[in-house]
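The values are calculated or read from the model by the stated rules, or taken from the named source; none is laboratory data. If you're wondering where the values come from, they're calculated on a predicted model, not measured in any experiment. A quick note on method: Cβ atoms are made from the backbone with ideal geometry, for glycine too, and the neighbour counts reach across all protein chains shown. The accessibility values were calculated without ligands, DNA or RNA, using every heavy atom of the protein model including side chains. Shrake-Rupley method; radii C 1.70, N 1.55, O 1.52, S 1.80 Å.
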Amino acid sequence: METVKSFFETPAPARYKGILSWLITTDHKRIGLMYLYAILFWFLLGILLGGLIRFELMFPGETVLTADVYNSVFTLHGVIMIFLFIIPAIPSIFGNFFLPIQIGTDDVFFPRLNLLSWYLYMIGGFIAIVSLFSDGFPDTGWTFYVPFSVSTHTNVSSAVFAAFILGMASMLTGLNFITTVHRMRKPGMGWLQIPLFTWTLYATSWVQLLATPVVSITLLLIIIERYLGVGLFDPAKGGDPILYQHLFWMYSHPAVYIMILPAMGVISEIIPVFSRKSIFGYKAIVASSMGIAVAGSLVWAHHMYTSGMSDTAIFVFSLLTFVVAIPSAIKVFSWVSTLYKGSIQMTPPLFLSLCFIYLFSVGGLTGLVLGAAGTNIHVHDTHFVVSHFHFVMFGGTGFAFFAALYYWWPKMFGRMYDFKNAYIGAILLTGGFIFHYVPMFILGLQGMPRRYYDYLPQYENLNFFAGFGAAFIVAGIFLMVINLVLSFKRPRDAASDPWGGTTLEWQTPSPPPLHNFAAEPEVLDYPYDFTGVVKRYSKEEPIHEKGE
Ligand code: HEM
Ligand SMILES: [Cu+2]
């Protein structure tokens, strides 16, 4: 008699064909791919909304959106980009697909919980869509600040409930990764043999697990306030609206490390492979990942210097903000030191990684401008802040997302792609990015406030100019996605190790079989030795020698 346990333990592909074999799969690779398809949909929708915001801002006054609709559009853009793209993107797609393989095992520790996390992600996305209808999507901004989020008539309750559900999916992913790294490493793989991508996912998972509950409860409090009016955030009832800001940023600042740490892990995988040199400072990078996860939880109030905090509190949070920049700088130093005197082999993943290092550094350095109270109070809530977080989130994680997609695509799908189109797309994206966001730094320094659909005449030229940058961004992104889709026209003949990598995923076939390893994988020690590691783009192609 077939038990429930054996029902789930029999891999779905062996049981069902077609869509059903996906919908009940517990294979980490398939779950990673299902996240990829869903997250790409949301990302492209978020990009189009970004383009719409920019088109509205290209001309003063009403262009295509009324003031109310503009407020809902940037809120939707922010909510999609934060909760449906950037937080889940790299951990849920590439973490799910590659973490078990990188530590030499055949799945995550809780495969069914992993599938549940995907369903929660889909349900969260669905509820966000539902919030669009009836009273319209919230017009509060993605931060849902009280008292406005309690009083506004728009669909705040369902939107924050969507974010609550998405938080659950994120926590389950974190729980799974921590348990898998502790319990399922290939025998003999010590902690200092774990690849850096997996290390960053491990550090991220602790932040996902410990910080997410704070925002989950805080978002539920908004719903309670909207329906019961307890007065938690209402001074007239003894409450305090600033309490909401503390609770919200106690998650949302550590959340920026949920966004950037996995991205940093991707870059730490790519740079050594295309420099043909082991990473500089493996242990320093591991320590800095854990350091960021811990120190990053202590700086949240640097978002609130203008909320009436005491000078002492401002001083403490400003100092801590400078401290947390140190581990990030260690990583940038290690990447550049690895490139130094390496035999650089340019490929689309490396090109995108170099863009990441430049854009993330600009984002990080402008973060210090914001961390210093003296400058912060002048540029708080202006387009300087908007540009800063686009440099770190989009220039950082967004570019690392594409670098990861182009680095692991041959392994995930067994197909190579067109390099020329990839470069054209990446150059359009990078050029458009700089043309779009650098003017926003200047507009912010000149005092243009964020979250207004209109502006004073002196801001007209730079806003108009930035519009062309946004057009290039959109064109570049769609070209890079279409280029990958077109790879399905190519033969499925990518080699198992097209780049000459040294982590375990390059010891599996492309794509990997259900249980990942056709043969017992060999765990290598850091520093990796790249000499003699052969590269071959496709099975048929001759071995690529150095400098080809
Ligand atoms: C074509 C690409 C994009 C364009 C043109 C764009 C444009 C903008 C603009 C102009 C704003 C400010 C709206 C205002 O304050 O009035 C904004 C806000 C925002 N963007 Fe983007 N963006 C793009 C991509 C992204 C990406 C990739 C992310 C994240 C990964 C992102 C995250 C955000 C967030 C969180 C906000 C804040 C929304 C709020 O104020 O509540 N954007 N975007
Ligand atoms: Cu912050």
Condition test on THR218, is it crowded, with 17+ Cβ neighbours inside 10 Å, more than 21 Å from the chain's Cα centre (by Cα) and not in a loop (DSSP other than H, G, I, E, B)? yes
Considering the stretch 375-393 alone, what residues qualify as being out of contact with any helix residue (DSSP H, G or I) (no Cβ under 7 Å at 6 or more places or on another chain) and within 30 Å of ILE482 (Cα to Cα)? PHE389
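Conditions (1) without any contact (Cβ under 8 Å) to a residue 24 or more places away in the chain; (2) out of contact with any Cys (no Cβ under 7 Å at 6 or more places or on another chain); (3) open to solvent by 10 Å² or more (accessible area, probe 1.4 Å); (4) part of a loop (DSSP other than H, G, I, E, B), marked per residue:
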residue	(1), (2), (3), (4)
ASN96	no, yes, no, no
THR105	no, yes, yes, yes
ASN114	no, yes, no, no
TRP118	no, yes, yes, no
GLY125	no, yes, no, no
MET168	no, yes, yes, no
Being more than 14 Å from ligand 2 (Cβ to nearest atom), open to solvent by 10 Å² or more (accessible area, probe 1.4 Å) and of a type in the set (A, V, I, L, M, F, W, C) is true for just one of ILE279, ILE267, ILE271, ILE285. Which residue is that? ILE279
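To keep it simple, each residue is scored yes or no on (1) open to solvent by 40 Å² or more (accessible area, probe 1.4 Å); (2) modelled with pLDDT of 95 or more; (3) more than 14 Å from ligand 1 (Cβ to nearest atom).
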| position | (1), (2), (3) |
| --- | --- |
| VAL385 | no, yes, no |
| PHE391 | no, yes, no |
| PHE399 | no, yes, no |
| PHE402 | no, yes, no |
| PHE413 | no, yes, yes |
| ASP418 | yes, yes, yes |
| ALA466 | no, yes, no |
| ALA471 | yes, yes, no |
Odd one out for LYS341 among (1) within 16 Å of ligand 1 (Cβ to nearest atom); (2) at positive phi: (1)
Is there a residue in the stretch 59-67 that is closer than 28 Å to ASP139 by Cα, touching a residue at least 24 places away in the same chain (Cβ under 8 Å) and within 16 Å of ligand 2 (Cβ to nearest atom)? no
Can you tell me which residues in the stretch 131-179 are over 20 Å from the mean Cα position of the chain (by Cα) and under 20 Å from PHE43 (Cβ atoms)? SER131, LEU132, PHE137, ALA159
If I filter the stretch 228-249 for residues that are away from ligand 2 (no atom under 16 Å from the Cβ), assigned to a helix (DSSP H, G or I) and over 25 Å from SER310 (Cβ atoms), do I get at least one hit? yes
Give all pairs with beta carbons closer than 7 Å in which a residue from the stretch 312-340 that is touching a residue at least 60 places away in the same chain (Cβ under 8 Å) meets a residue that is open to solvent by 40 Å² or more (accessible area, probe 1.4 Å); count only pairs at least 6 apart in sequence or on separate chains. SER334/PHE280; SER334/ALA284; THR338/LYS277; THR338/PHE280
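Does the stretch 237-244 include one or more residues that are surrounded by fewer than 21 Cβ atoms within 10 Å (Cβ to Cβ), among the hydroxyl-bearing types (Ser, Thr, Tyr), more than 26 Å from SER334 (Cα to Cα) and at pLDDT 95 or above? Quick ask: steps written out before the conclusion?
The initial filter retains those residues of the stretch 237-244 that are surrounded by fewer than 21 Cβ atoms within 10 Å (Cβ to Cβ), namely 237-243.
Within this subset, residues satisfying the condition of being among the hydroxyl-bearing types (Ser, Thr, Tyr) are none.
No, that holds for no residue.
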One residue is enough: does the stretch 499-522 have a residue meeting the conditions among the aliphatic types (A, V, I, L, M), under 24 Å from TRP42 (Cα atoms) and touching a helix residue (DSSP H, G or I) at 6+ places or on another chain (Cβ under 7 Å)? no
Pick out the one residue from PHE478, PHE433 that is surrounded by fewer than 17 Cβ atoms within 10 Å (Cβ to Cβ), closer than 30 Å to ILE39 by Cα and either acidic (Asp, Glu) or touching a helix residue (DSSP H, G or I) at 6+ places or on another chain (Cβ under 9 Å) (or both). PHE478
